[in-house]
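Q: Got a structure here, written out as structure tokens. Questions coming.
Read-outs: derived from the displayed coordinates by stated rules, not from any lab. The model shown is predicted, which means the values in this text are computed figures rather than measured ones. Ideal geometry is used to build each Cβ from the backbone, glycine not excepted, and the neighbour counts take in all protein chains shown.
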Amino acid sequence: MQVAGWKVERLKVALCRTLNLQPGNLQRFLSGRRGDMVWNALVIVTVLLPLAGLAIDVPRYFALRSRLQIAADAGAEAAARAVDIRHYINTGETRLEPDRYAGEAAWAFDTAVTGLRARGYTANLDGIDLDEGADAVTTRASGTIRLRFAYNLIPPVTVRVTATSWYRMIRR
């Protein structure tokens, strides 16, 4: 019989060496009161520590996601405010200033995520998409978070968000 790739006999020998027991006394140790601490430690290590890690990492994930969403919203709104007013006055059609809207979005995004970067998160503005047919600007952003509990075991988790803002001009 194997448990997680280990043969049971090898596990018994390793446990006997660790606890400084004779191999014949292992069954009595595990079933008697002396072995209670082993079972308690096993439960703590395999169940409670991972749950404690999740209790720390899950709120950090959601905090990153909400802050990234706020930053992506700010970037989309800033880009939508870069309407080319002269072009609108001359032609009556709305469009964004081509040289300005991307810079405005990047500035607003960077301003919104400075606190995240100071705390060790990574936050990137992945793209700004302009849909002139629908008069909309969409920003795509992503961020990564390293889980504190399983720092070396699990790769960083990537969070992706999008935000869309519509621009329009109203003639009075």
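Q: Tell me the relative contact order for the range 58-166 as a rounded percent, counting alpha carbon contacts under 8 Å between residues six or more apart.
A: Averaging sequence separation for qualifying contacts and normalising by length gives 31 percent for the range 58-166.
Q: Sort the following peptides by mean Cβ neighbour count (other Cβ atoms within 10 Å, averaged over residues), highest first: 86-99, 68-81.
A: 68-81, 86-99
Q: OK, next. How large are Rg and Dmax for the range 58-166 when only the alpha carbon atoms are used, in Å?
A: Final numbers for Rg and Dmax: 16.5, 60 Å.
Q: Note the full-extension length gain between R81 and Q69 as 0.36 nm times their separation in residues minus their Cα-Cα distance, in nm to one decimal.
A: Roughly 2.5 nm would be gained on extension.
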